[in-house]
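Working notes for the structure below.
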Amino acid sequence: MRPYVYLAAAATIDGRIASATGFSRLSCPHDLRRLHALRASVDAVIVGANTAIVDNPRLTVRYVEGRNPIRVLIDGALRAPPNLRIFDTSAPTLVFTTMRASPEKIEELRSRGVEVHVVDGESVDPANVLQTLYKRGVRKVLLEGGGKTNWEFLKRCLVDEIILTITPYVFGNGVSLIDGEGYSTTEEAPFSLSLISIKLCECGREVVLTYKINCKQ
Ligand SMILES: NC(=O)c1ccc[n+]([C@@H]2O[C@H](COP(=O)([O-])OP(=O)(O)OC[C@H]3O[C@@H](n4cnc5c(N)ncnc54)[C@H](OP(=O)(O)O)[C@@H]3O)[C@@H](O)[C@H]2O)c1
């Protein structure tokens, strides 16, 4: 058993969620409120190491009324510095890391109240992350990127819905919404996508697309 997983992001029309220099402020205030409402509706929010380091997000609910989800960081080498906002006391934080992490860093985070899970091997299995969260009572998860982490979940068909805001910009380079080894044809992915809804944002400049993911087996 695993929680239901939403993947949400704002992208440029060329499918980038960040520029080559890490700029990623794409959402209008309406879109930010939608994101925060989604955060308030889930039990946990997951990000990868680069997103935590580059964006330094709080991952809390601020633009709408609501409860903060548990924050989950996947950081194989534990590169995230302990002074990041994700480690503040505004919500519980769980970290999944590997034997590549320095024991001192693990101890420092634990001494700050962060729950650190160290798994065997070079990388963290996203299915195990979801299983661990499910055992703690987490039933809905929001995956908030970045591209590499999105790929790690999606390629294993561990995403149920994608909520994608298309914003009226072009980067021409940078981080893709789903950023990994890739597929060479439209048939190769272990899933298909069904479009569920198209919504024009209140700002009149952004479009919110919702897709359901159908796993092939
Ligand atoms: N526009 C938006 O909505 C939006 C949303 C989120 C993020 N972003 C942008 O996305 C960019 C970051 O994306 P990104 O693709 O570079 O990185 P990312 O997905 O945030 O982080 C990737 C890193 O996380 C660690 N990681 C992820 N999955 C792992 C696993 N299964 N096992 C072990 N480690 C794992 C790895 O660190 P190691 O390589 O050290 O092992 C990996 O390199 C940022 O610039 C951010 O601004 C934009």
Looking only at region 156-176, and only at residues there that are touching a Leu at 6+ places or on another chain (Cβ under 7 Å), of a type outside the set (S, T, N, Q) and assigned to a loop (DSSP other than H, G, I, E, B), the one that is farthest from Gly146 (Cα to Cα): Tyr169
Residue count, region 122-143 (criterion: of a type in the set (A, V, I, L, M, F, W, C), touching a Leu at 6+ places or on another chain (Cβ under 8 Å) and within 12 Å of the ligand (Cβ to nearest atom)): 4
The lone exception for Val119 - which of (1) touching a helix residue (DSSP H, G or I) at 6+ places or on another chain (Cβ under 6 Å); (2) more than 8 Å from the ligand (Cβ to nearest atom) it fails: (1)
Count of region 59-78 residues which are in a loop (DSSP other than H, G, I, E, B) and within 14 Å of the ligand (Cβ to nearest atom): 5
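Please enumerate the residues belonging to region 130-148 that are farther than 27 Å from Val175 by Cβ and in a loop (DSSP other than H, G, I, E, B).
Correct list: Arg136, Gly137, Arg139.
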Whichever residue in region 40-78 is among the basic types (Lys, Arg) and surrounded by fewer than 24 Cβ atoms within 10 Å (Cβ to Cβ) and, among such residues, is nearest to Lys135 (Cα to Cα): Arg67
Tyr6 vs. criteria assigned to a strand (DSSP E or B) and within 30 Å of Pro168 (Cβ to Cβ): yes
Region 79-111: number of residues that are under 15 Å from Val61 (Cα atoms), touching a residue at least 24 places away in the same chain (Cβ under 8 Å) and not in a helix (DSSP H, G or I): 4
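Here's the yes/no breakdown for (1) buried (at least 16 other Cβ atoms within 10 Å of the Cβ); (2) within 12 Å of the ligand (Cβ to nearest atom):
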| residue | (1), (2) |
| --- | --- |
| Arg112 | no, no |
| Trp151 | yes, yes |
| Leu158 | yes, yes |
| Val170 | no, no |
| Gly174 | yes, yes |
| Thr186 | no, no |
| Ala189 | yes, no |
| Leu195 | no, no |
Thr93 vs. criteria touching a Lys or Arg at 6+ places or on another chain (Cβ under 6 Å), away from the ligand (no atom under 14 Å from the Cβ), of a type in the set (Ser, Thr, Tyr) and over 12 Å from Glu144 (Cα atoms): yes
Qualifying residues in region 10-46 (those that are part of a strand (DSSP E or B) and within 13 Å of the ligand (Cβ to nearest atom)) - the one nearest to Arg67 (Cα to Cα): Val45
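Each reported figure results from applying straightforward, stated rules to the coordinates on display, with no laboratory input. None of the values given here were measured: they were computed from a predicted structure. Positions of Cβ are generated from backbone atoms using ideal geometry, with glycine treated the same way; all protein chains shown enter the neighbour counts.
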